[in-house]
1. Report, by residue number, each residue of segment 113-129 that is surrounded by 12 or more Cβ atoms within 10 Å (Cβ to Cβ), of a type in the set (A, V, I, L, M) and over 11 Å from CYS37 (Cβ atoms).
2. Quick one: count up the residues across segment 15-50 that are open to solvent by 40 Å² or more (accessible area, probe 1.4 Å) and under 17 Å from SER85 (Cα atoms).
3. Looking for whichever is crowded, with 18+ Cβ neighbours inside 10 Å and out of contact with any strand residue (DSSP E or B) (no Cβ under 6 Å at 6 or more places or on another chain) here; the options are THR93, THR79, THR61. Which one fits?
4. Being in a helix (DSSP H, G or I) and touching a helix residue (DSSP H, G or I) at 6+ places or on another chain (Cβ under 6 Å) narrows it down to one of ILE126, ILE98, so name that one.
5. Residues that are under 13 Å from the mean Cα position of the chain (by Cα) and of a type in the set (Asp, Glu): does segment 41-50 have at least one?
6. For segment 98-107: of the residues being crowded, with 18+ Cβ neighbours inside 10 Å and in contact (Cβ under 8 Å) with a residue 60 or more places away in the chain, which is farthest from SER85 (Cα to Cα)?
7. Testing LEU73 on (1) open to solvent by less than 20 Å² (accessible area, probe 1.4 Å); (2) out of contact with any strand residue (DSSP E or B) (no Cβ under 6 Å at 6 or more places or on another chain); (3) more than 23 Å from ALA131 (Cα to Cα), one condition comes back false. Which one is that?
8. Does VAL132 meet the test of being among the aliphatic types (A, V, I, L, M), open to solvent by less than 30 Å² (accessible area, probe 1.4 Å) and over 15 Å from the mean Cα position of the chain (by Cα)?
Amino acid sequence: MTSAVRLIRSSDLAEAPYAYAATAPAGSRLIFLAGSCPLEDDGSTTAPGDYAAQAARCVVTLRTALDAAGAQLTDVVSTRVLVASTRQADLVTAWDVIHDAFGAHDVPSTLLGVTVLGYDDQLVEIEAIAAVAGDD
């Protein structure tokens with residue numbers, strides 16, 4: 001299945017490990033996902049203290065939510081990655097895991113350091129919007 005999402009790059013902007021913009025054609029069905037959290041099936045937080053492990057679990061959660069909505073990672077239009085840290089290295093650790101999961105589909109993204117997230121021991125969360133062909 002071909003994605004409805006078109007990534008846009010610009011040689012007039014600094015090189016970045018993501019597209020600067022993305023579009024979905026008129027008539028696409030937009031999917032607004034809740035923040036994907038690093039929660040195990042029993043509700044406990046994955047790997048307290050481990051940014052990479054929590055980012056990986058967030059990707060699993062994101063994939064599961066996308067699947068439930070009839071979409072996949074290549075249908076994501078944009079992401080916002082929230083990392084509970086004031087250290088840039090922690091943000092980069094989480095980002096590297098998430099960026100690798102998306103592969104060549106390097107959607108426009110914002111990476112933010114925040115003071116705290118909603119669950120005990122939570123360090124990472126991924127917000128996403130996706131678009132699929134509008135045959136709903």
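1. VAL114, ALA128, ILE129
2. Counting residues in segment 15-50 that are open to solvent by 40 Å² or more (accessible area, probe 1.4 Å) and under 17 Å from SER85 (Cα atoms) gives 3.
3. THR93
4. ILE98
5. Scanning segment 41-50, I find no residue that is under 13 Å from the mean Cα position of the chain (by Cα) and of a type in the set (Asp, Glu), so the answer is no.
6. VAL107
7. Evaluating LEU73 over (1) open to solvent by less than 20 Å² (accessible area, probe 1.4 Å); (2) out of contact with any strand residue (DSSP E or B) (no Cβ under 6 Å at 6 or more places or on another chain); (3) more than 23 Å from ALA131 (Cα to Cα) leaves (3) as the failure.
8. yes
The values are calculated or read from the model by the stated rules, or taken from the named source; none is laboratory data. If you're wondering where the values come from, they're calculated on a predicted model, not measured in any experiment. Quick reminder, even Gly has a Cβ in these numbers, built from the backbone with ideal geometry, and neighbours come from all protein chains shown. Remember, those area values only see protein heavy atoms, side chains included, never the ligands or the DNA or RNA. Shrake-Rupley method; radii C 1.70, N 1.55, O 1.52, S 1.80 Å.
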